[in-house]
Each structure stands twice: as structure tokens, then as C-alpha cells.
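Asker: To start, I am sharing the structure in question, which I have written as C-alpha cells.
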Amino acid sequence: MLYFTLYFRVYFHRTPVFFLEAQSAFTIKNPSSRTDADDLMRWRMRELFDRSLSEIYGVSALGAKLCFYCLDKKAESLTPLLIPRDPAAPNFKYDAPAHLWDTDLLTDDGYDRFMGIVQRIKARAVDEGV
């Protein structure tokens, strides 16, 4: 099987406003790969925290299945919420559930949800004078 990761960051006037982390569709079938994808998204949010708008959006794409992330700096919250790690599990591991990637970009609903994020980013940039 071929696995890959593609990272794409969008800037508006030198301010990061959005990013996409795309991986192979096969990733969704492997619990530890989903967990790695989720961990990577959370790390990217921390990486962009100081330079971004008050809200920054990211999308984890496992093939055409999308999971939307939003860091709201004012509320100090990140969605989706982190799933608590089970202290009884080996190495305190957890598995990011496949249902987090609940949006199929190839459907009208998936496209509409994605475009809704784009509209929110545009509005936030205008509100913050970027």
C-alpha cells in the first residue's frame, strides 16, 4: 500500500488562515495511523497559534474523508475535542475513531461544509483587518 502525507498551508497577507493535511485513503482503516493524523493536526495548530487569526481552521483529509479542526484562541478551545488517553492501555495510547472523518468531500454536503469553512475564514479575516 502507498501512504503519503501532503501539507498545504494558506496565507492571507502573511497570516496563516487555513491548512490541509492530506493522507492516503488507506490511512482511515488503520487505528494508529488515524491517531498519528490527529496528533499531527493538533501539533500543526500549536505551531501556527501565535501567527494566525483568532480562529484557525485545518482539515485532515484521509482520501476524500474529512475531519475539520478549529482552534478558537479567544475561547482557548480546539475541536474536535481530544479523546482522553486510557491509562490502562499500553503506552497510554488511544485510537482516533474513524467517525471523526465524517465528511465526504465528494458529496454535495461535504462540499457545502468545506465551503462554509472558507466563508468563515473570509469573514474572520475581514473582522480582524487582515
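The values are calculated or read from the model by the stated rules, or taken from the named source; none is laboratory data. Nothing here was measured: the structure is a model prediction, and the numbers come from that model. Neighbour counts are summed over all protein chains in view; Cβ atoms, including those assigned to glycine, are modelled from backbone coordinates with ideal geometry.
Asker: When the residues of the range 20-36 are filtered to those that are assigned to a helix (DSSP H, G or I) and among the polar types (S, T, N, Q), which remaining residue is farthest from the chain's Cα centre (by Cα)?
Answerer: The qualifying residue farthest from the chain's Cα centre (by Cα) is Ser32.
Asker: Among what's in the range 1-30 and is farther than 13 Å from Ala64 by Cα and among the polar types (S, T, N, Q), pick the residue that is modelled with the highest pLDDT.
Answerer: Only one residue fits best here, namely Thr15.
Asker: Does any residue in the range 15-29 that is closer than 27 Å to Ser52 by Cβ come within less than 6 Å, Cβ to Cβ, of a residue that is among the polar types (S, T, N, Q) and in a strand (DSSP E or B) six or more places away or on a different chain, and which pairs are these?
Answerer: Note: pairs meeting the criteria are Glu21/Ser60; Gln23/Thr5.
Asker: Shifting gears a bit: Leu71 is checked against (1) part of a strand (DSSP E or B); (2) closer than 16 Å to Leu105 by Cα and fails just one. What number does that condition carry?
Answerer: (2)
Asker: Looking at the structure I just gave you, is Glu47 touching a strand residue (DSSP E or B) at 6+ places or on another chain (Cβ under 8 Å) and either acidic (Asp, Glu) or closer than 26 Å to Asp95 by Cα (or both)?
Answerer: It is false that Glu47 is touching a strand residue (DSSP E or B) at 6+ places or on another chain (Cβ under 8 Å) and either acidic (Asp, Glu) or closer than 26 Å to Asp95 by Cα (or both).
Asker: Kindly indicate the residue of the range 50-68 that is in a strand (DSSP E or B) and of a type in the set (A, V, I, L, M) and also nearest to Phe18 (Cα to Cα) among those meeting that condition.
Answerer: My answer is Ile56.
Asker: Taking the options Arg51, Arg34, Arg42, name whichever one is modelled with pLDDT of 90 or more and on the phi < 0 side of the Ramachandran plot.
Answerer: It is Arg42.
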